[in-house]
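As C-alpha cells, the structure follows; a few thoughts come after it.
The values are calculated or read from the model by the stated rules, or taken from the named source; none is laboratory data. Source: prediction; values computed, not measured. When we count neighbours, we look across all protein chains shown, and the Cβ atoms used for this are built from the backbone with ideal geometry, even at glycine.
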Amino acid sequence: MDIIEKNDEDEKKSTNKLAQINPLVFAFLGDSVHTLYVRENVIKESINKLNDYNRKCNFLCRAKTQSKILDNIYDKLMETEKDLIRRTRNTKLHHTSKNSNLIDYKKATCFEALVGYLYLKGEKERLNQILKMSIEIEGKK
C-alpha cells in the first residue's frame, strides 16, 4: 500500500468508507495483524524452540486470551473505538470457535476488529499502544 499524504477532506472520505465496512472484515484483518505482532514479540524473547514459540503464540492469540485483553483495555478505549466494539458485538456471527465459548469468541472478534480498524485507518501509534497493552497484560501472568 502506498503512503499518501492526506488532507482533511481525504480523512473524512476515508472515515466514511470505513464506517460502511462490516466489522467482521476488520476482525479478519485484525486477526492477522495481531498474530504477526505476537509472533514478532515472541521471537524477540529468544525461546529458541519452535514448539515453544508456537505454544506461546497460540496462547496469546486464542479467543479466551483476547477476550481477557479486551476486558482489561476497554476502559482505556476512546468512544469511537467503543462504538466499533459495540457494532462488532451486535454483528451476527456465522460460525463460532470449537475451542471457546460464545462470549469469549465474540469479545475476541471485537478485539480483532479494533486492531483491523486501527490498521486500515492508518492510526499506527494508537494501534501500537493497543498491541503493546495486549502483550503486557498477558506478560504479567
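All of Glu45, Glu40, Glu11 fail the test of being exposed (fewer than 14 other Cβ atoms within 10 Å of the Cβ), closer than 17 Å to Met133 by Cβ and modelled with pLDDT under 95, apart from Glu40. How many residues does the stretch 87-115 hold that are under 12 Å from the mean Cα position of the chain (by Cα) and over 22 Å from Ile135 (Cβ atoms)? Looking only at that region, the number is 0. Screening Ser67 with (1) over 15 Å from the mean Cα position of the chain (by Cα); (2) of a type outside the set (D, E, K, R); (3) closer than 22 Å to Ser100 by Cα gives one miss only, at (1). Being of a type in the set (A, V, I, L, M, F, W, C), at pLDDT 95 or above and either out of contact with any Leu (no Cβ under 6 Å at 6 or more places or on another chain) or over 15 Å from Val115 (Cα atoms) (or both) is a description that does not apply to Leu93.
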